[in-house]
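S.K.: Just dropping this structure here.
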Amino acid sequence: MNRKLNFIDLFAGAGGLSEGFIRAGFNPIAHVEMNKDACDTLKTRTAYHFLKENNRIKEYYDYLKDKINRDELWAKVPTHLIKSVINKEISPETLPSIFETIDNELGKEKVDLVIGGPPCQAYSIAGRARDPKGMTDDPRNHLYKYYVEFLERYKPNMFVFENVPGILSANNGQYLELIFKAVKDAGYDLDKKVLNAKNFGVLQDRKRVIIIGWKQELNLKYPDFQDKVNQYEVLKDLFSDLPKIKSGQGEWKSTKYSKKTNNYLESTGIRNGIDFTTQHISRKNNENDLEIYRIAVDKWVNEGKRLNYAELPERLIKHNNTKSFTNRFQVVNHKDLAHTVVAHICADGHYYIHPDINQNRSITVREAARIQSFPDDYFFESSRTTAFKQIGNAVPVLMAEGIAKKIKEMI
């Protein structure tokens, strides 16, 4: 088979899942995503891939160095590629136009694969805990039906459906049963497993339910994934070459590295050949929070203990609730693995405090992206807050690449 395998990415977010499949040799026909900032990120990444394939990567770097603006970057890419990023919410009203755009992009080509996972808030345990009705009325519970419509229309050989572990117990497992029944009725067999990003080389403890399906006549089975043994540390290997900055410091665009690369950054493709990165910029915190950060880091690094908010000096406690969420200030593990990065990082950085007490801040956009194994030339549009949200919602690139390589073997 000489041609590239084509895929459609639904609920694409910032493109972490897609990036992994592109790395494994797949070709994106379309990305469908309702959030405009995430779509802008996808368009910028589309420009990166086009310019790189055509030996014009310097033009992409000009954008990262602020020598050209975003519109000028996108103008360098064929219009149909930019239009293949479809900024629409998937609904009965929008499906006809989404299908039309994809059909125009496809021509006579086949769709080999559909990937993506509906927004996870409706299935997440935290989301259900906050909602008096346990999210049972949330319309996002039923977005899988549209996913199945794409399977019925394009008949790919396989699909990959990603979501949070909470989907296993949502509505006592009934949503999962409905998904399995709908997919089987569409002509596919499928299976599910809880996979952890750490077993794909990601320096993060992040569990996700990965459902993989295939046409019934292909008679396949769920692939076996070889777990990678981690020998790296967050502070020593993942963050070591980024300039040391304090709260409120950093650069949105071009930032020079402070050290040479290392084995982890090279082998994962996080550092990929250029001598600068972007978005190494931190939030500005007030003095109260900074004092709490110092206490939290000292406790974690020197005693191996997590901070209990209720045990802080009274003058530092600003929240009335000291009974729940007592771990609201948490330091990123300086050794071994970081804890799961979630979209809430866009609200504040208290749950992701940098483990270096001398820097005394929460992690930067670039550090969060590295925990999710995004390469350093991946640029997130269009503000620090939206970038954090996109990163928190993403599938780690290395995890996606590991899944993609197995899928490619199977197809």
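S.K.: Go ahead and estimate [θ] at 222 nm for the chain from helices alone: -39,500 (n - 2.57) per DSSP H run with n ≥ 4, summed, over the residue count, rounded to 500.
M.R.: Helix contribution divided over all residues of the chain: -10000 deg cm²/dmol.
S.K.: Same structure, new question: Using modelled amide H (1.01 Å from N, peptide plane; none on Pro or chain starts), what sits under 5 Å from the amide H of Gln204, excluding residues fewer than 5 places away?
M.R.: For Gln204, whose amide H was placed from the backbone, the distant partners under 5 Å are Lys198, Ala338.
S.K.: Near Asp348, within a Cβ-to-Cβ distance under 11 Å, what is the net charge of the other residues, with Lys and Arg +1 and Asp and Glu -1?
M.R.: Surrounding charge for Asp348 is +1.
S.K.: Output the relative contact order of the chain, whole-number percent, from Cα pairs under 8 angstrom with separation of 6+ residues.
M.R.: 18
S.K.: Report, in degrees rounded to the nearest 10, the 0 to 90 angle that the Cα long axis of helix 95-106 makes with the longest principal axis of the chain.
M.R.: With rounding to tens, the tilt is 80 degrees.
S.K.: With only alpha-carbon atoms counted, please give the Rg and Dmax of the stretch 234-391, in Å.
M.R.: Computed over the Cα atoms of the stretch 234-391, radius of gyration and Dmax are 15.6, 49 Å.
S.K.: Also: Over the stretch 234-391, what is the relative contact order in whole percent, taking alpha-carbon pairs under 8 Å and six or more residues apart?
M.R.: 28
S.K.: Dipole magnitude of the stretch 234-391 about its Cα centre, charges +1 at Lys/Arg Cβ and -1 at Asp/Glu Cβ only, in debye to the nearest 20?
M.R.: The dipole magnitude comes to about 200 debye.
S.K.: Continuing with the same structure: Order 398-405, 348-355, 180-187 from most to least packed using the mean count of other Cβ atoms within 10 Å.
M.R.: Descending packing order for the listed peptides: 398-405, 348-355, 180-187.
S.K.: When DSSP beta bridges are limited to those with both residues in the chain, what percentage is antiparallel, rounded to the nearest 5?
M.R.: Of all bridge pairs located within the chain, approximately 50 percent are antiparallel.
S.K.: Rounded to whole Å, give me the distance from the Cα center of the stretch 79-110 to that of the stretch 215-239.
M.R.: So the two Cα centres are separated by 31 Å.
S.K.: Normalised by the number of residues in the stretch 201-326, what is the relative contact order in percent for Cα pairs under 8 Å and 6+ residues apart?
M.R.: Relative contact order of the stretch 201-326: 18 percent.
S.K.: Can you tell me how the stretch 338-405 classifies by the Cα gyration tensor, rounded, prolate or oblate, using a/c under 1.5 as the rounded cut?
M.R.: It comes out prolate by the Cα gyration axes.
S.K.: Could you state the angle between the C-alpha long axis of helix 397-410 and the longest principal axis of the C-alpha atoms of the chain, as a value from 0 to 90 degrees rounded to the nearest 10?
M.R.: The helix 397-410 is inclined about 30 degrees to the chain.
S.K.: Follow-up. For the chain, take the longest principal axis of its alpha carbons; what is the angle in degrees between that and the long axis of helix 36-53, to the nearest 10 within 0 to 90?
M.R.: With both axes taken from Cα atoms, the answer is about 70 degrees.
S.K.: Find how many whole Å separate the alpha carbon centroid of the stretch 1-38 from the alpha carbon centroid of the stretch 159-209.
M.R.: 19
S.K.: Rounded, prolate or oblate for the stretch 269-351? Axes are the square roots of the Cα gyration tensor eigenvalues, ordered a ≥ b ≥ c, and the cut-off for rounded is a/c under 1.5.
M.R.: Verdict is prolate for the stretch 269-351.
S.K.: Find the Rg to Rh ratio for the chain, where Rh is the Kirkwood radius over alpha-carbon pairs and Rg uses the same atoms.
M.R.: Dividing the radius of gyration by the Kirkwood radius yields 0.97.
S.K.: Here is the link list: Lys155/Lys215; Lys299/Lys389; Lys192/Lys221; Lys145/Lys221; Lys193/Lys236; Lys52/Lys88. Which ones come out longer than 20 Å on Cα distance?
M.R.: Lys299/Lys389; Lys145/Lys221; Lys193/Lys236; Lys52/Lys88
S.K.: How charged is the neighbourhood of Val32? Take every other residue with its Cβ under 10 Å from the Cβ of Val32, and add Lys/Arg as +1 and Asp/Glu as -1.
M.R.: -2
S.K.: Enumerate the calculated ³J(HN,Hα) couplings along the stretch 11-18 in order (Karplus 6.51 cos²θ - 1.76 cosθ + 1.60, θ = phi - 60°), each rounded to whole Hz, writing x wherever the residue is Gly or Pro.
M.R.: 6, 6, x, 7, x, x, 4, 4
Bear in mind these aren't lab numbers, they're just calculated from the coordinates by the rules spelled out. Worth saying up front: this structure is predicted, and the values here are computed from it rather than measured. Because the Cβ atoms are built from the backbone with ideal geometry, glycine has one as well, and the counts that use them run over all protein chains shown.
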